[in-house]
Amino acid sequence: MQNLKLYNSLSRKKEAFKPITEGRVGMYVCGPTVYGDAHLGHARPGITFDVVYRYLQHLGYKTRYVRNITDVGHLVNDADEGEDKIAKKARLDQLEPMEVVAYYTRSYHRDMALLNTLPPSIEPTATGHIIEQIQMIEKILANGYAYEVDGNVYFDVVKYNKDHAYGKLSGRNIEDMMSNTRELDGQSEKRNAVDFALWKKASPEHIMRWPSPWSEGFPGWHLECSAMSTKYLGKRFDIHGGGMDLVFPHHEAEIAQSCASDGHDAVNYWMHNNMITIHGQKMGKSLGNFITLSEFFSGEHESLDQAYNPMTIRFFILQAHYRSTVDFSNEALQAAEKGMNKLMTAIDTLEGITTSNESSLNVEDYKQKFYDAINDDFNSPILIAHIFDVVKQINSIAAGNGSLNEKSKNDLMKLMNDFCFDILGLKKIESETEDGLSDEIMEVVLGLRKQAKENKDWITADFIRDELAKLNITVKDSKDGASWTKK
């Protein structure tokens, strides 16, 4: 087994990866809040943890990958006040909240499929696990780390901190948090300003609400991940991932909730990807400076010089270490496009090289370099640098400056396929058909429809068919699968 080392955000150092259960790995990643189209910031964790998932499987671990969907009911902010973002979107668009959820969940899945991310093993939703969240609140109350006020339940951070260390993930001190947290209007019912909501009593205008022992209301934002991760991965599991912006308060609150409920930390390794920036500023919906993935793919945004293939986006993101920031620019994306094309051309060139009796290339040396890079906390930029060293060698041999015997050629083809395609998740960019459509994209779309039909999700299957029909694309089903034609 390879000696994989992970940077653990909790210990703030690289640690040798050792799964809790031999041969099996449980991984939980915080997924999107589905109230708008996915943007480049969503692609970063999607691709980062897809590579982690792919590599764990490559190493032979039976991996359960859980990625949640945050849907309606929650107040996704730190102050436990305001309007639910999905409910707000539903009100503005005059839709049912679950229509908003369904639409943007499909959109997110489509974009992730185009980026060639593997679907998670389980994708639970917050609203599908209200019972589990209520049960966790009851345990936290019974253990004395929460209190109820007028139908609201709050986590008692100060009391918890007397027995455990609140702030150990983010490195924050509770005294500093207390002095720097101002009392907000309407928050006087909290014992301390740093306390956070486990359950909120619904106001009359709040659309989504559920009965509970305390009030008709909804769970706090932080609770869903604690409840769903332990439901599907157990009271202790291996890896919890997400964006660096979730370290505090979300993941800090998760640690506290799980420990207050079960008496111990749930997570062995915490992994956090860094942010996508644009001109040095974080890209995100709240800042209004985001570019959606569909806009990247179509080129229909004022900040874009051209359309970019999903594989160009993926390669662009992998060129930086997942814990480093990535700053968007058209120049960087165009450089990534050239690099991606150069890599795929070299792989095609390798397949066409005629072998000889001798080999001028030591494949085992490069294999060791590849594994050393990926085992060093998924150091994708170093891995890509080594891959391009191989690209130079392939082009040199093709030009007559070296040779490969049959074994070396086969070993090198396997090495490139394993790392470029199976682990980094890249795909060859297919040329467009005469109809102006990419066969590769249609393969993904029809694959999603097939998966929906197998899951008896007829609404999604029909939605895909009807949306394609609007583009004058006819889908024909047969016992052998589905085919498509453009009018």
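Distant-in-sequence amide contacts of Leu10, defined by a placed amide H-H separation under 5 Å and a gap of 5 or more residues or a different chain, comprise Trp270. Computed from the C-beta positions of Ile122 and Ser11, the FRET efficiency with R₀ = 35 Å rounds to 0.80. In units of the rule-of-thumb radius 2.2 N^0.38 Å, the stretch 1-123 shows an alpha carbon radius of gyration of 1.26. Basic side chains Lys and Arg get +1 at the Cβ, acidic Asp and Glu get -1 at the Cβ, and with that the dipole of the chain about its Cα centre reaches some 940 debye.
Comparing the stretch 439-481 with the 2.2 N^0.38 Å rule of thumb, its C-alpha radius of gyration ratio is 1.08 (two decimals). Taking amide hydrogens as placed 1.01 Å from N in the peptide plane, the amide H of Leu4 sits under 5 Å from those of Phe17, each at least 5 positions away in sequence or on another chain.
Summarising the label geometry, the points placed 7 Å from Cα in the beta-carbon direction at Ile429 and Lys414 lie 3.1 nm from one another.
Extension gain for Asp477 to Arg323 (0.36 nm times residue separation, less C-alpha to C-alpha distance): 51.0 nm.
For the stretch 145-157, putting each phi into the Karplus relation 6.51 cos²θ - 1.76 cosθ + 1.60 with θ = phi - 60° gives couplings of 10, 8, 8, 10, 9, 6, x, 9, 10, 10, 7, 8, 5 Hz, in residue order, rounded to whole numbers and with x for Gly and Pro. The residue list Asn341, Tyr366, Ile278 was ranked by how far each Cα lies along the charge dipole of the stretch 277-423 toward its positive end, using unit charges on Cβ atoms, and Ile278 comes out on top. Bridging of Lys392 to lysines at a Cα separation below 25 Å is possible for Lys338, Lys342, Lys367, Lys369, Lys407, Lys409, Lys414, Lys427, Lys428, once same-chain residues fewer than 8 apart are set aside.
Which shape class applies to the stretch 17-273: rounded if a/c is under 1.5, otherwise prolate when a/b exceeds b/c and oblate if not, where a ≥ b ≥ c are the square roots of the Cα gyration tensor eigenvalues? Oblate is the answer for the stretch 17-273, as a/c is 1.5 or above yet b/c matches or exceeds a/b. Sorted fewest first by neighbouring Cβ atoms within 10 angstrom, Tyr28, Tyr103, Tyr65, Tyr269 come out as Tyr103, Tyr269, Tyr65, Tyr28.
Rounded to the nearest 5, the antiparallel percentage of DSSP beta bridges internal to the chain is 55%.
Geometric descriptor of the stretch 277-423, per residue, is 115 Å³ (volume of the convex hull of the Cα atoms). Gain on full extension, evaluated as 0.36 nm per residue between Lys456 and Asp389 minus their Cα-Cα distance, stands at 19.4 nm. The alpha carbon centroids of the stretch 445-477 and the stretch 363-432 are separated by 37 Å. Taking GluC sites (Glu not before Pro) as exposed when DSSP calls them loop and at most 12 other C-beta atoms lie within 10 angstrom, the chain has its longest site-free stretch at 23-182.
Under Stokes-Einstein, with the Kirkwood radius over Cα pairs as Rh, the value for the chain at 25 °C and 0.890 mPa s is 100 µm²/s. The label-point distance for Glu189 and Gln281, in a model that sets each label 7 Å from Cα toward Cβ, rounds to 3.6 nm. Each listed q (0.16, 0.17, 0.24, 0.29 Å⁻¹) maps to a log10 I(q)/I(0) for the stretch 198-259, found by the Debye formula over equal Cα scatterers with no solvent: -0.62, -0.68, -1.01, -1.18. For the pair Met1/Leu92, report the inter-label distance in nm, with labels modelled 7 Å from Cα in the Cβ direction. Those two pseudo-labels are separated by 4.8 nm.
When the stretch 439-481 is described by a simple charge dipole with +1 on each Lys and Arg Cβ and -1 on each Asp and Glu Cβ, the residue from Leu446, Ala469, Ile459 located farthest towards its positive end is Ile459.
Determine which lysines satisfy two conditions relative to Lys62: a Cα distance under 21 Å, and not lying fewer than 8 residues away in the same chain. Answer for Lys62, where 21 Å is the Cα cut-off: Lys5, Lys18, Lys231, Lys235, listed by chain and number.
Dividing the C-alpha radius of gyration of the stretch 340-398 by 2.2 N^0.38 Å, with N its residue count, gives 1.20.
Legend: calculated FRET efficiency, Ile20 to Asn330, from the Cβ-Cβ distance at R0 = 41 Å, rounded to 0.05, equals 0.40. Under 5 Å between amide hydrogens, built in the peptide plane, is the criterion, and for Trp221 it picks out Leu75 among residues at least 5 positions away or on other chains.
Each value in this text was obtained by applying a stated rule to the coordinates, not by laboratory testing. In this text, all values refer to a predicted model and were calculated from it rather than measured experimentally. Ideal geometry is used to build each Cβ from the backbone, glycine not excepted, and the neighbour counts take in all protein chains shown.
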